[in-house]
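The values are calculated or read from the model by the stated rules, or taken from the named source; none is laboratory data. Predicted, not measured: the structure shown is a model, and the values here were computed from it. Note: ideal-geometry Cβ built from the backbone for every residue, glycine included; neighbour counts use all protein chains shown. These accessible areas exclude ligands, DNA and RNA; they are computed on the full protein's heavy atoms, side chains included. Shrake-Rupley method; radii C 1.70, N 1.55, O 1.52, S 1.80 Å.
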Amino acid sequence: MNDLHGRRIVLGITGGVAAYKAAELARLLIKAGAVVDVVMTAAGAQFVGVATFQALTGRPVWQALWDERMANGMAHIDLTRGADALVVAPATADFIAKLAQGRADDLLSTLCLARDCPLLVAPAMNRQMWQNPATQRNVAQIGADGIAVLGPASGEQACGEVGEGRMLEAQEIAYDLIASLQPKILMGRRAILTAGPTFEPLDPVRGLTNSSSGKMGYALARACAEAGAEVTLVSGPVSLMTPRGVRRVDVQTALQMRETVKSVLAGRRPNDIFIAVAAVADFRPKSATEHKIKKGAAALTLELEANPDILAEIASLPDAPFCVGFAAESRDLATYAEGKRVAKKLDLVVGNLVQDGLGGDDNSVTLFDTEGSHALPPGDKLTIARAIVRHITNLLEKNCASN
Ligand code: CTP
């Protein structure tokens with residue numbers, strides 16, 4: 001994924017054992033398309049060598065305020081000019097204290113003070129240093145100053161203790177950085193999504209389900225969270241990581257999914273968005289047996305009953321939220337997708353032709369709304385999810401303007 005294509009990121013490294021994770025972070029940022037300039041404090045360079053970052057980024061590493069390689073002698077200003085973000089990972093307790101006080105006694109702290117781009121810091125320290133009231137005061141101060149604090153995580157520490165203070169994993173920091181760069185077009189809104197299949201039990205070990213990886217729903221939950229929405233993801237059984245910043249509620253059956261969605265939407269707000277991505281089983285066994293069904297009979301007849309259509313029910317509520325549905329069809333996409341939009345009274349339907357099977361990382365979709373159909377360029381599911389979020393925002397703005 002090219003999430004950071006065309007972006008320049010300054011990566012600051014201060015003196016903590018977690019500096020070794022910064023090498024992985026640099027690699028991930030470059031893999032995502034960024035140009036990365038590394039700035040190390042003297043203590044940072046004690047933990048990981050300059051040569052490592054030079055080799056990873058293919059660019060010089062900066063350490064001193066008075067670096068002669070900077071023609072105008074203004075490394076403290078030039079490095080962050082035009083940068084998209086400055087990320088300090090790891091950020092020690094001492095460095096956070098410096099930021100809180102606005103001190104500028106080395107290149108990295110001076111860059112932080114003189115920057116004109118967002119600053120994100122990933123604290124890394126022993127749990128007692130983290131819990132110390134002085135550190136907590138400083139963290140609250142930098143948060144109030146508009147600096148994003150990523151983590152820390154809880155777990156085993158380099159000193160052998162267990163607790164809060166561990167730096168987030170490189171992947172999580174990269175994820176948060178990418179999210180911070182997305183436009184906050186859903187700020188102040190709530191998004192409730194369903195994703196994955198449902199599983200309708202037949203006996204203690206068997207059930208009816210749909211083929212669904214949940215990837216599209218999870219990508220959309222991530223895109224909504226990146227856009228600033230408060231996101232609840234009601235998920236059927238899938239093996240996917242919960243996107244950061246998303247509240248996930250696990251369910252198994254369609255009835256549980258419906259009850260969970262209804263209870264989240266019970267305290268409905270005018271700005272809510274409901275996006276039904278789940279492949280809900282249309283039918284469930286009329287009754288599940290308490291014990292395993294044994295083979296032996298020559299044939300078995302299952303009696304099924306219909307599950308409720310969660311999306312249609314929500315869309316027909318008085319003061320219904322803005323409702324988005326999905327239509328995965330094997331033919332006549334426009335007819336079926338548009339038919340579902342009208343029949344279920346939806347604001348938007350995302351349609352796709354299931355040709356190459358389900359569960360891949362890429363997708364190709366067409367959006368259907370009151371103004372017609374809009375084909376999106378094919379792409380990975382996150383890129384498509386972000387485009388869907390943009391389309392939803394445009395429709396919401398038009399709705400606002402016409403009300
Ligand atoms: N959906 C739902 N509850 C159901 C069935 C579907 O919320 N019981 C939602 C899906 O999450 C999706 C949309 O409705 O957003 C379309 O689902 P789909 O199964 O394709 O449509 P159906 O109306 O069930 O039509 P069919 O199975 O006949 O194609």
### Task
Go through VAL342, VAL349 for me and flag whichever is more than 21 Å from the chain's Cα centre (by Cα) and over 20 Å from ALA219 (Cα atoms).
VAL342
### Failed item, numbered, when PRO308 is tested on (1) within 9 Å of the ligand (Cβ to nearest atom); (2) under 28 Å from ILE384 (Cα atoms); (3) assigned to a loop (DSSP other than H, G, I, E, B); (4) not β-branched (Val, Ile, Thr)
(2)
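Output yes when any residue across segment 20-35 is over 25 Å from the mean Cα position of the chain (by Cα), under 25 Å from ILE178 (Cβ atoms) and outside any loop (DSSP other than H, G, I, E, B), and no when none is.
Taking segment 20-35 first, the residues over 25 Å from the mean Cα position of the chain (by Cα) are none.
No: zero hits.
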### Summary
Screening VAL234, VAL261 for residues that are part of a strand (DSSP E or B), of a type in the set (Val, Ile, Thr) and under 20 Å from PRO321 (Cα atoms) leaves only VAL234
### Query
Of all residues in segment 14-39 being open to solvent by 20 Å² or more (accessible area, probe 1.4 Å) and of a type in the set (Val, Ile, Thr), which is nearest to ARG59 (Cα to Cα)?
VAL35
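Hey, among ASP319, ASP282, which residue is open to solvent by 50 Å² or more (accessible area, probe 1.4 Å), within 8 Å of the ligand (Cβ to nearest atom) and either touching a residue at least 12 places away in the same chain (Cβ under 8 Å) or within 32 Å of the chain's Cα centre (by Cα) (or both)? Explain how you work it out, then say what you get.
Values: ASP319 fails: within 8 Å of the ligand (Cβ to nearest atom).
Sole residue among the options that is open to solvent by 50 Å² or more (accessible area, probe 1.4 Å), within 8 Å of the ligand (Cβ to nearest atom) and either touching a residue at least 12 places away in the same chain (Cβ under 8 Å) or within 32 Å of the chain's Cα centre (by Cα) (or both): ASP282.
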### Message
Anything in segment 214-231 that is crowded, with 24+ Cβ neighbours inside 10 Å and assigned to a helix (DSSP H, G or I)? List them, or say none.
### Response
MET216, GLY217, TYR218, ALA219, LEU220, ALA221, ARG222, ALA223, CYS224, GLU226
### Task
Give the residue that is farthest from the ligand (Cβ to nearest atom), with candidates limited to residues of segment 240-256 that are on the phi < 0 side of the Ramachandran plot and in contact with a helix residue (DSSP H, G or I) (Cβ under 6 Å, 6 or more places away or on another chain).
ARG244
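Matching residues to (1) touching a residue at least 24 places away in the same chain (Cβ under 8 Å); (2) surrounded by 15 or more Cβ atoms within 10 Å (Cβ to Cβ); (3) closer than 20 Å to VAL205 by Cα; (4) within 21 Å of the chain's Cα centre (by Cα):
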residue: PRO270; (1), (2), (3), (4): yes, no, no, no
residue: VAL277; (1), (2), (3), (4): yes, yes, no, yes
residue: LEU300; (1), (2), (3), (4): no, no, yes, no
residue: ALA315; (1), (2), (3), (4): yes, yes, no, no
### Message
Of all residues being among the β-branched types (Val, Ile, Thr) and open to solvent by less than 10 Å² (accessible area, probe 1.4 Å) in segment 188-210, which is nearest to LYS294 (Cα to Cα)? Just the residue, please.
### Response
THR198
#### Entry: Condition met for LYS262 (open to solvent by 70 Å² or more (accessible area, probe 1.4 Å) and either within 11 Å of the ligand (Cβ to nearest atom) or not acidic (Asp, Glu) (or both))
yes
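Quick grid of which residues meet (1) in the same structural domain as VAL17 (by TED's automatic domain parsing); (2) more than 18 Å from LEU25 (Cα to Cα); (3) touching a residue at least 40 places away in the same chain (Cβ under 8 Å):
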{"residue": "LEU120", "(1), (2), (3)": "yes, no, yes"}
{"residue": "TRP130", "(1), (2), (3)": "yes, yes, no"}
{"residue": "ALA153", "(1), (2), (3)": "yes, no, no"}
{"residue": "CYS159", "(1), (2), (3)": "yes, yes, no"}
#### Entry: Within segment 358-403, considering residues that are small (Gly, Ala, Ser) and assigned to a strand (DSSP E or B), the one farthest from ASP3 (Cα to Cα)
GLY372
### Query
Which residues, counting only those in segment 249-259, are of a type in the set (A, V, I, L, M) and open to solvent by less than 60 Å² (accessible area, probe 1.4 Å)?
VAL249, VAL251, ALA254, MET257
### Verdict on ARG206 being away from the ligand (no atom under 16 Å from the Cβ) and either under 23 Å from the mean Cα position of the chain (by Cα) or under 25 Å from ASN363 (Cβ atoms) (or both)
no
#### Entry: Output for segment 135-163, where each listed residue is among the β-branched types (Val, Ile, Thr) and modelled with pLDDT of 95 or more
THR135, VAL139, ILE142, ILE147, VAL149
### Query
Which of (1) open to solvent by less than 60 Å² (accessible area, probe 1.4 Å); (2) part of a loop (DSSP other than H, G, I, E, B); (3) more than 12 Å from the ligand (Cβ to nearest atom) is the odd one out, the single condition GLN355 does not satisfy?
(1)
### Summary
Checked segment 322-349 for anything part of a strand (DSSP E or B) and either near the ligand (Cβ under 8 Å from one of its atoms) or open to solvent by 50 Å² or more (accessible area, probe 1.4 Å) (or both); matches are VAL324, GLY325, PHE326, ALA327, ALA328, GLU329, VAL349
### Query
Somewhere in segment 169-179, is a residue buried (at least 20 other Cβ atoms within 10 Å of the Cβ), of a type in the set (A, V, I, L, M, F, W, C), under 20 Å from the mean Cα position of the chain (by Cα) and assigned to a loop (DSSP other than H, G, I, E, B)?
no
